[in-house]
Amino acid sequence: MGLKKATYHDERKRIKDYVDKYEDVKVEILKNAESGRYRGRLTYGYRRVQEELIKLDIHLSDAVVRRLMDELNVQVSLYNRHRNGRYSSYKGTVGKVARNVLHQHFNETVPFKVLHTDVTQVRLANTKWAYVSAITDEASKEVLTFK
């Protein structure tokens, strides 16, 4: 194992004589978390659990309460929107998907046969939003209308 003999025996003794000094606190944390269950989901975070522990005259730092809750796998599940740490506004397919008529071939030569449009949201100087829409012709590449 690459340990000195004294270190090895010291660790063996420490493992054998292990006493969890937060055993009673963990029971109270579980009780508090279960009392805050709503529709089958946990709603109490570490701050509320810490307040309940202070009412029971158990004073622990917030880091210790968070660590113990993590060890017990007691985490808010109802209001935790960022479980994976990534934001995504994707809501699935919304609206009607048009048929792919062009098949990515943008080389039309007949005017007014293929028109392109886009709506863009732009923030104005007065912090309001405006929408810009333009229709262009594929053959002449000119802007037909702009609103």
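The values are calculated or read from the model by the stated rules, or taken from the named source; none is laboratory data. Here the structure is a predicted model, which is why all the values come from computation and not from measurement. Glycine also receives a Cβ, built like all others from the backbone with ideal geometry; neighbour counts cover every protein chain displayed. Keep in mind that these areas ignore ligands, DNA and RNA; they rest on the heavy atoms of the full protein, side chains included. Shrake-Rupley method; radii C 1.70, N 1.55, O 1.52, S 1.80 Å.
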Would you be able to tell me the number of residues in the stretch 103-147 that are of a type in the set (A, V, I, L, M, F, W, C) and open to solvent by 100 Å² or more (accessible area, probe 1.4 Å)?
5
Confirm whether residue 45 is closer than 30 Å to residue 114 by Cα, open to solvent by less than 70 Å² (accessible area, probe 1.4 Å) and at pLDDT 85 or above.
no
Name the residue that is modelled with the lowest pLDDT, counting only residues in the stretch 6-31 that are over 12 Å from residue 75 (Cα atoms) and open to solvent by less than 70 Å² (accessible area, probe 1.4 Å).
20
Subset of the stretch 32-42, residues surrounded by 15 or more Cβ atoms within 10 Å (Cβ to Cβ) and in a helix (DSSP H, G or I), comes to 32, 33
All positions within the stretch 87-115 that are closer than 21 Å to residue 136 by Cα, assigned to a loop (DSSP other than H, G, I, E, B) and among the aliphatic types (A, V, I, L, M):
97, 98, 101, 102, 110, 114
So which residues in the stretch 77-114 are modelled with pLDDT of 80 or more and aliphatic (A, V, I, L, M)?
94, 97, 98, 101, 102, 110, 114
Just wondering, is there one or more residues in the stretch 72-79 that are of a type in the set (Phe, Trp, Tyr), open to solvent by less than 80 Å² (accessible area, probe 1.4 Å) and closer than 30 Å to residue 25 by Cα?
no
From the list 125, 139, which one is outside any strand (DSSP E or B) and either of a type in the set (Ser, Thr, Tyr) or in contact with a Lys or Arg (Cβ under 8 Å, 6 or more places away or on another chain) (or both)?
139
Neighbours by Cβ (under 9 Å, 6+ apart or cross-chain): first from the stretch 87-109, without any contact (Cβ under 8 Å) to a residue 24 or more places away in the chain; second exposed (fewer than 10 other Cβ atoms within 10 Å of the Cβ) and in a loop (DSSP other than H, G, I, E, B)
87/81
Listed by first then second residue, the pairs whose first member lies in the stretch 133-147 and is free of Cβ contacts under 8 Å to residues at least 12 places away in the same chain and among the small types (Gly, Ala, Ser), whose partner is open to solvent by less than 60 Å² (accessible area, probe 1.4 Å) and assigned to a strand (DSSP E or B), with beta carbons under 9 Å and at least 6 positions apart or on separate chains, are none
